[in-house]
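I have placed the structure first, in the form of structure tokens, so that the comments after it can refer back to it.
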């Protein structure tokens, strides 16, 4: 969703359109794209003209001077022809993402989309897909450079269905339908083709210039070294990227023009789509959606990193439908709701750049809220997830096609078990290293008994070492080993306590996964472990602390 940099006044019944008609926008997009190729042809044509004039007017067109001019023209023309016209850039289209839902599968969602399309006076999408991002977008396979309509597709993010009310989702859908209605999507392919061609050309010429500069710098450095060896004065000029660097600057200048013009048009289109949302969903619902969308996007990243994906490295995931669906638990937590409500009110004012396709969020909200009241209260305030039939099963299907393929082999667990096994897995490496160093495959408590009474520094010497630690001796070697030993011991203690039911890892939606153990044990554990890794190890404090908590270490096996 987007809007314009300029404030807009008026009522929802007299909203501005995209500013210029479809034909004008199509001609502008085509002119910008053609201009790119004309620029390339102009460079090559100019060089060819010089060569022809030389061949026709010169008395000795194939003399040494003429051959140098022809060679220089070839050197200049080759990278342009090769980069612009002869290099394959791959497909301009990406395969559709997410899970397609049919009207038979999701009748309520489709009915809402079609009703909003009818109210907005535009054709409904031919396909609706659910995706994993906190975003929505539309596209259309326009024909005849976008002048004729084509197949339409809408993508709706599952996090939007989870985190928005039905009224706010109406605003999001209405915004996207506004792009259809204003026929913005027909020209998307044409504009994208120009951007892709420019990015490719500037990037390829830049890479060639960098390689040329590096080769020239190496050549100059070698010559300087040779002169220095002969006792001669050395003056090393700065290496350049040659012809490719000059060409890259020319095409970069045109790219700036292209992106400035096309981005300005995009911002105008976003304004019209935002205001189309106001007309269909109401001012308040649209402004509320604008405030919530970026917050929801940030919350999704936080949720995935701190909850859904915490067990990824251990091959653990939440139950099907909960990788994305678990976001609802976080959003329902009262403490989280208060925090999110504050964030929605604190919209930062961002500087607007000439290449931004969307105006700043603050400008968009100000534009919407500057409109007079429209009498459209947010009466459809129920959760948008209610539009889905069998939501958990549907979200599980989205997960199946959007998660990495290796997720299919992972264990799927409920949240308490996911927290428990993930917490244990995070400390398994240190415990495993101590088992290997001791050379005994013992339970955690029995292994601790061995370490609290055995030759701890001999065991520490057998723990994995960095190359620097492996080369150290004496006191230095011990200082390298001490933090490694302390971390491994702490891991082992936690595993032993968890096995005894005296500690564990819990999921709290008010805060990330946390370690649970008695306060006295948590407070005394660091000092007890420190006593075991001193130069004169003392295991008694740790044994006594664990015994007070209910874990009596067995006698060390001999």
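Remarks
- This ranking places 259, 251 by how few other beta-carbon atoms lie within 10 Å of each, fewest first, which gives 259, 251.
- Two-site FRET efficiency, residue 227 against residue 250, from Cβ-Cβ distance with R₀ of 30 Å, rounded to 0.05: 0.30
- Convex hull volume per residue for region 417-549, taking Cα atoms only, in Å³: 115 Å³
The numbers here are math on the coordinates, done by the rules we state, and not lab data. Since we're looking at a predicted model, the values are computed, not measured. Positions of Cβ are generated from backbone atoms using ideal geometry, with glycine treated the same way; all protein chains shown enter the neighbour counts.
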